[in-house]
1. Check Trp141 against each of (1) within 30 Å of Ser207 (Cβ to Cβ); (2) part of a helix (DSSP H, G or I) and name the one condition it does not meet.
2. Among the residues of the range 158-171, is there at least one that is part of a helix (DSSP H, G or I) and among the acidic types (Asp, Glu)?
3. Working only within the range 235-262, note down all residues that are modelled with pLDDT under 95 and assigned to a loop (DSSP other than H, G, I, E, B).
4. Could you check the range 176-192 and list, in sequence order, the residues that are over 29 Å from Ile238 (Cα atoms), in contact with a helix residue (DSSP H, G or I) (Cβ under 7 Å, 6 or more places away or on another chain) and open to solvent by 10 Å² or more (accessible area, probe 1.4 Å)?
5. Does Ser163 qualify as being under 26 Å from Leu128 (Cα atoms), crowded, with 17+ Cβ neighbours inside 10 Å, free of Cβ contacts under 8 Å to residues at least 60 places away in the same chain and not aromatic (Phe, Trp, Tyr)?
6. How many of the residues making up the range 120-129 are open to solvent by 30 Å² or more (accessible area, probe 1.4 Å), closer than 15 Å to Met178 by Cβ and either part of a helix (DSSP H, G or I) or among the aliphatic types (A, V, I, L, M) (or both)?
7. State whether the residues of the range 243-254 include one that is more than 26 Å from Ala168 (Cα to Cα) and open to solvent by 30 Å² or more (accessible area, probe 1.4 Å).
8. For the range 198-234, what are the residues that are hydrophobic (A, V, I, L, M, F, W, C), part of a helix (DSSP H, G or I), touching a residue at least 40 places away in the same chain (Cβ under 8 Å) and within 21 Å of Ile175 (Cβ to Cβ)?
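The values are calculated or read from the model by the stated rules, or taken from the named source; none is laboratory data. Since the structure is predicted, the reported quantities are computational estimates derived from the model, not experimental observations. For neighbour counting, all protein chains shown are included, and Cβ atoms are generated from backbone atoms with ideal geometry for every residue, glycine included. We work out accessible area using only protein heavy atoms, side chains counted, and drop any ligands, DNA or RNA first. Shrake-Rupley method; radii C 1.70, N 1.55, O 1.52, S 1.80 Å.
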Amino acid sequence: MAHFSGQMGGQQPQNPPMRGAFSPISAEQQQQFAYNNYPSQQQQFQPGGPQHYAQQQPYSQPAPHASSPPMQSPYGLFAQNLQTNQAAQMGMQFAGSAMNAMQENVQQNVGRYVSMTQLKHYFDVSNLYVLSKLRVLVFPWLQKSWHRYAERDQTGQVVGYKSPREDANSPDLYIPVMGLVSYVIAIGLIIGRLGVFHPEDLGYTASSALGVIVFEVLLIKMFCYLLNVGSELQFLDIVAFSGYKFVTTIIVVFTQALGPPWWVSWSAFIYFGFALAFFMIRSLRHALIPESSSITGVNVHRKRRIHFLFVIAMTQFLYIWILIQYKSSAT
């Protein structure tokens, strides 16, 4: 009775089933009993009851040698669809033909004015050439030889001039292009330092600089036509010589930005103005005033060419003055 009352009151845990009327089973039989009855107890906690548990498939591990099929990339499927789809193949062929035609059209239009081979000639520079040219632009008085070396073919005839990599006196387009970009960035930094920078200032500065270059190139080209200057001075040579002014202009701009006394700023402007003028005279002299007097029309226009060369040199002061007059587009 005491045992029965303990079970009813919940004071003692429930014993496993009895072998007989009152004798308990051994510990091994209790473990066997719990193991055999474990699935039935698990079924009671399934959300669908025993029937739901019966419907579930038992977990089975894959065979050790079985391998899952490789996953296909979507790009591979896309490529397979293109290969099997005739319309897609025709579209790809049409797009390739259109791109080739566009490339040929661009090359033909550009080739009318500038030869790509000739353009590569002006960008054939080295580190030694760049350093030498910058030294000549800053200190042109130290340069002794301004003669350009001619390039000859197998028969000995002159076919042009050597590239900047081979001749330090040859004009290039690498320094003018880098000078233009550096000038625009320098003006943007100075305006930003003043606290009035706007993104439109970069475009305004670049368009102003390009306007100066275009005006000078057209002016020189017009006088070359009037003075009967032929192949001695090529169009890209004029562009290169006109673009060298950005190197000296950047130095003057940074000198003014440091806020020195007025005489320091004016001294920098006058010095680099004369340096650029002297550089232009010595560089263009071989084309405008050649040493040989056997060329047709040289003796007739010699005096005029000297005056024209002097005008080109003196206008460098005007161009530098225009380029250093930077301001924000908001003002």
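1. With (1) within 30 Å of Ser207 (Cβ to Cβ); (2) part of a helix (DSSP H, G or I) applied to Trp141, the lone miss is (1).
2. Looking only at the range 158-171, we keep the residues that are part of a helix (DSSP H, G or I), and these are none.
No, every residue in the range 158-171 fails to be part of a helix (DSSP H, G or I) and among the acidic types (Asp, Glu).
3. The answer is Leu258, Gly259, Pro260, Pro261.
4. Scanning the range 176-192 gives a single hit, Ile190.
5. Working: under 26 Å from Leu128 (Cα atoms): yes; crowded, with 17+ Cβ neighbours inside 10 Å: yes; free of Cβ contacts under 8 Å to residues at least 60 places away in the same chain: yes; not aromatic (Phe, Trp, Tyr): yes.
Taking the combined requirement at face value, the residue satisfies it.
6. Residues in the range 120-129 being open to solvent by 30 Å² or more (accessible area, probe 1.4 Å), closer than 15 Å to Met178 by Cβ and either part of a helix (DSSP H, G or I) or among the aliphatic types (A, V, I, L, M) (or both): 1 in total.
7. Kept after step one, since they are more than 26 Å from Ala168 (Cα to Cα), are these residues of the range 243-254: 253-254.
Among the residues that remain, those that are also open to solvent by 30 Å² or more (accessible area, probe 1.4 Å) are: 254.
Yes, some residue in the range 243-254 is more than 26 Å from Ala168 (Cα to Cα) and open to solvent by 30 Å² or more (accessible area, probe 1.4 Å).
8. Ala209, Val212, Ile220
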